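Working notes, beginning with the structure itself.
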Amino acid sequence: MDNGFELRVSDRKGEGIFATRSFKTGGIVMVGIIEKILGENHSHASQIGENEYVFHAGLISKVNHSCNPNCGIRINETGAHDFEAIREIIVNEEITFDYAMRNYGVDYFPKQCMCGSEICRGRITGWKDLPDERKKIYKGFVAPYLLELDARYCSEQS
Ligand SMILES: [Zn+2]
């Protein structure tokens with residue numbers, strides 16, 4: 001069955017997920033299914049709340065980070081993260097998202113980012129270290145708990 005994506009090995013980054021068809025902006029590219037709820041962070045975990053981490057089933061955990069991604073995050077009715085196209089994706093394009101859309105802090109990834117994008121931040125950061133202008137661009141495409149944490153920490157500081 002063709003889901004519209006498949007696992008391939010890329011030269012620079014090892015494994016990655018690639019589109020096998022095109023997706024329009026706003027289309028759901030990958031549907032998230034929570035496989036396991038974890039008690040703590042893990043290198044392949046998705047953060048879904050301040051202290052909530054899960055494993056997503058299937059290939060969604062293999063999607064690579066980019067500082068200029070083509071997908072964002074949308075919470076589905078099960079609480080899992082779907083990947084939604086934030087711009088048009090063409091056949092054979094690698095499917096990427098920004099880890100900062102999902103993780104408040106990044107503990108487990110190499111600091112050096114390999115995304116190769118023209119606007120690469122140089123290192124993979126979590127949401128808390130994302131520049132404000134990037135946060136604006138990602139509006140509507142990030143895990144909602146990140147915005148709740150921002151609001152809470154801002155009000156604590158003032
Ligand atoms: Zn990068």
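Using only alpha carbon positions, build the gyration tensor of the stretch 5-157, then give the equivalent ellipsoid semi-axes as the square roots of 5 times its eigenvalues, largest first, whole angstrom.
Working: eigenvalues 104, 62, 50 Å².
For the stretch 5-157, the ellipsoid semi-axes come out as 23, 18, 16 Å.
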Quiz item: Given a cut-off of under 8 Å on Cα pairs at least six residues apart, what relative contact order in percent is computed for the chain?
Solution: 23
Quiz prompt | Full-stretch length increase - T20, C120 - with 0.36 nm per residue and alpha-carbon distance subtracted | solution = 33.5 nm
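Between K62 and D132, what is the FRET efficiency for a Förster distance of 41 Å, r being their Cβ-Cβ separation, to the nearest 0.05? Present the calculation step by step, with values, prior to reporting the outcome.
On the way: r = 30 Å, r/R0 = 0.73.
Working from the Cβ atoms, E equals 0.85.
Excluding Y53 itself, calculate the net charge of residues whose Cβ lies under 14 Å from the Cβ of Y53, where each Lys or Arg counts +1 and each Asp or Glu counts -1.
On the way: positive: K36, R102; negative: E35, E40, E50, E52, D107.
Summing Lys/Arg as +1 and Asp/Glu as -1 gives -3.
What do you get when you divide the Cα radius of gyration of the stretch 58-118 by 2.2 N^0.38 Å, with N the number of residues? Please list the in-between numbers first.
On the way: Rg = 12.0 Å, N = 61, 2.2 N^0.38 = 10.5 Å.
With N residues counted in the stretch 58-118, Rg over 2.2 N^0.38 Å equals 1.15.
Residues with beta-carbon under 15 Å from that of I34, excluding I34: net charge, scoring Lys, Arg +1 and Asp, Glu -1? Before the final figure, lay out each step's value.
Numbers: positive: K36, R74, R102; negative: E35, E52, E77, D82.
With Lys, Arg at +1 and Asp, Glu at -1, the neighbours total -1.
Given only helices, namely DSSP H runs of n ≥ 4 each adding -39500 (n - 2.57), what is the per-residue ellipticity at 222 nm of the chain, to the nearest 500 deg cm²/dmol? Walk me through the intermediate numbers first.
Numbers: 2 runs with 20 residues, N = 158.
Using -39500 (n - 2.57) per qualifying helix, the result is -3500 deg cm²/dmol.
Please report the net charge: other residues with Cβ closer than 15 Å to the Cβ of K135, K and R +1, D and E -1. Please list the in-between numbers first.
Working: positive: R102, R121, K128, R134, K136, K139; negative: D98, D129, D132, E133, E148, D150.
Counting the neighbours of K135, the net charge comes to 0.
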Exercise. Calculate the spin-label point distance for C154 paired with I37, positioning each point 7 Å from the Cα along the beta-carbon direction, and give it in nanometres.
Key: 3.0
Quiz item: Order of S46, S117 from fewest to most other C-beta atoms within 10 Å?
Solution: S117, S46
Quiz prompt | Residue-by-residue Karplus 3J(HN,Hα) for the stretch 68-80, coefficients 6.51, -1.76, 1.60, Hz, glycine and proline x | solution = 9, x, 9, 10, x, 9, 10, 6, 9, 5, 8, x, 7
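A short reminder: the numbers here are calculations on the coordinates, not readings from a lab. Source: prediction; values computed, not measured. Every residue, glycine as well, gets a Cβ built from its backbone with ideal geometry; the counts of neighbours run over all protein chains shown.
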